[in-house]
Amino acid sequence: MKRAFHSATESTDVHTRIIARITADLERGVRPWARPWNAGHLDGRIMRPLRYNGPPDSGINVLMLWLAAEDNGFASPTWMTCKQAQELGGHVRKGEHGSQVVYASKVTKTEHAEDGSKVTRNIPYLKGYTVFSVDQIDGLPEQYHARPPPPKFLTTVERIEYADAYFAATKMQVQYRGNRAFYSVSNDFVQMPSIETFRDAESFYAMLGHECMAVA
């Protein structure tokens, strides 16, 4: 009984943290589930986070790891636990902080009804655990750091001349680097991922416009 109570409490805590993070992003005008660029892995344009053994993650973990990658500037799409890193011969660098993901499962509970019969219920729960980006880990096999060859479609996102002219007229300094889009108040510039990482030109200019509006 104690175990079931702990699971329910942990599930509530996980839900609370996820909702709080999504709400914070929405309040600043960002839809975290509709990221228009590829989370920084330009060479492969990988859209979903990957588990240490290759399969893509799913569900709420995709959103949570997208947010973690954006916050920390991680370029690699692959994530693993500290134990998994050790099993592969690697180690998480000292001082690195992990990101939370969840494991969804259920427990089966048998209760006695008023008539004395047994009733079996499946109770779903979420269990949180911590993973680290490959960018935070040293000593892994080379395959975890290798980048795939650039796909042909990376050259298909073309700039829109009149849109470029509009943003040039604002005199806003724009730096193209990394995998995060934001306005730096302290340095007065907008940082944007390269246009080639966006799914289309419209998404690129929409994001650029959003960040430039933060200056006002």
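The values are calculated or read from the model by the stated rules, or taken from the named source; none is laboratory data. Treat the numbers as computed from the prediction; the structure is a model and nothing was measured. With ideal geometry, Cβ positions are generated from the backbone for all residues, glycine too; neighbour counts draw on all protein chains shown.
Condition check ((1) at pLDDT below 85; (2) hydroxyl-bearing (Ser, Thr, Tyr)) across all residues:
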site	(1), (2)
PHE74	yes, no
VAL101	no, no
ILE123	yes, no
SER133	no, yes
TYR144	no, yes
ARG147	yes, no
LEU154	yes, no
ILE160	no, no
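Select from region 61-105 the residues that are farther than 20 Å from ARG48 by Cα and in a strand (DSSP E or B) and write down the one among them that is nearest to the chain's Cα centre (by Cα). Top of the filtered list is VAL92. Tally up the residues in region 190-202 that are surrounded by 16 or more Cβ atoms within 10 Å (Cβ to Cβ) and either within 12 Å of ALA163 (Cβ to Cβ) or at pLDDT 85 or above (or both), please. Count: 4. With respect to GLY40, is the statement that it is of a type outside the set (A, V, I, L, M), assigned to a loop (DSSP other than H, G, I, E, B), buried (at least 16 other Cβ atoms within 10 Å of the Cβ) and modelled with pLDDT under 55 true? For GLY40, the condition - of a type outside the set (A, V, I, L, M), assigned to a loop (DSSP other than H, G, I, E, B), buried (at least 16 other Cβ atoms within 10 Å of the Cβ) and modelled with pLDDT under 55 - is met.
The set of residues from region 181-198 being of a type outside the set (S, T, N, Q) and either outside any strand (DSSP E or B) or more than 18 Å from the chain's Cα centre (by Cα) (or both) comprises ALA181, TYR183, VAL185, ASP188, PHE189, VAL190, PRO193, ILE195, GLU196.
The residues of region 164-188 that are within 25 Å of ASP135 (Cβ to Cβ) and either assigned by TED's automatic domain parsing to the domain that holds LEU65 or aromatic (Phe, Trp, Tyr) (or both), listed by number, are TYR176, PHE182, TYR183.
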